Amino acid sequence: MMGDRDFRSIIKNAVGAIGREIKTDIDSADTKTIHLQEATQCMRRSYYDRTDYMEIERRGFNELLSGLLRKLEYGSEPKEYATGDSRIIGQADMVVDDSVLLFRSSPGDMENPLAGDILYLNACLWIYDKTDGMIVYITNDRKETTFSLTRDKKMFEEVIRRSKVLGDMLEKKRIPIIEPSPECSDCQYYERCFVKRKNTKQLSLAKMFGMEKE
């Protein structure tokens with residue numbers, strides 16, 4: 001706090017406003033159109049995003065990196081890919097020459113790319129009809145880790161399958177099964193899938209048994 005102004009709240013509101021501005025516009029009623037992010041992340045999360053959305057708390061501008069890049073003049077435009085009677089809409093962060101680029105924030109150095117990011121990038125390679133792509137992870141202290149990928153047909157077929165399953169679940173109003181992953185702990189729907197989060201305090205055993213020195 002500085003004076004009578006709560007700067008933490010001002011920053012939080014600013015991050016939230018930008019997040020809403022760059023959020024992908026999804027028609028919840030259109031079950032024949034699935035966005036690539038919906039098909040490559042946890043399908044239960046995608047289902048709740050459409051049917052009973054809960055605002056996610058963003059902790060900083062670093063989490064908005066990908067969406068902000070798309071808004072710049074060198075960001076790419078979304079593209080559609082027909083899959084029978086339905087379609088997938090995907091959007092890369094950048095398309096440079098014959099390569100597709102994705103930028104993601106990371107809490108630290110990455111030994112391997114996240115599975116969802118691989119599926120997303122590979123699908124973009126097919127949607128944009130490109131052969132090679134890269135995922136660039138950027139940490140809070142501006143360190144970069146880059147992973148390259150050559151497109152794979154079977155992996156793309158899996159994304160198409162997932163998009164059709166999600167569309168079918170949405171149409172029939174059936175909640176998809178839980179897909180446990182490390183991302184569950186930060187999901188806003190965590191308590192709908194698992195136990196309620198508890199705020200616990202660390203206790204000193206010495207203090208509990210009266211052995212702590214004054």
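Computed values, structure above
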item	result
Vicinal HN-Hα couplings computed from phi for the range 186-196 (Karplus, 6.51 cos²θ - 1.76 cosθ + 1.60; Hz; Gly/Pro x)	9, 7, 5, 9, 3, 6, 7, 9, 10, 7, 5
Label-zone membership for the range 104-122, site LYS143, 7 angstrom Cα→C-beta point, backbone N under 14 Å	106-112
Rounded FRET efficiency, nearest 0.05, which uses the C-beta distance separating ILE56 from GLU77 and R0 of 25 Å	0.50
Loop-resident sites, the range 99-193, for GluC sites (Glu not before Pro), counting at most 12 other Cβ within 10 Å (DSSP)	GLU111
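Taken together, the values in this text are just the output of simple stated rules run on the coordinates, not laboratory data. These numbers were taken from a predicted model, which means no experiment stands behind them. Virtual Cβ from ideal backbone geometry, glycine too; neighbours counted across all protein chains shown.
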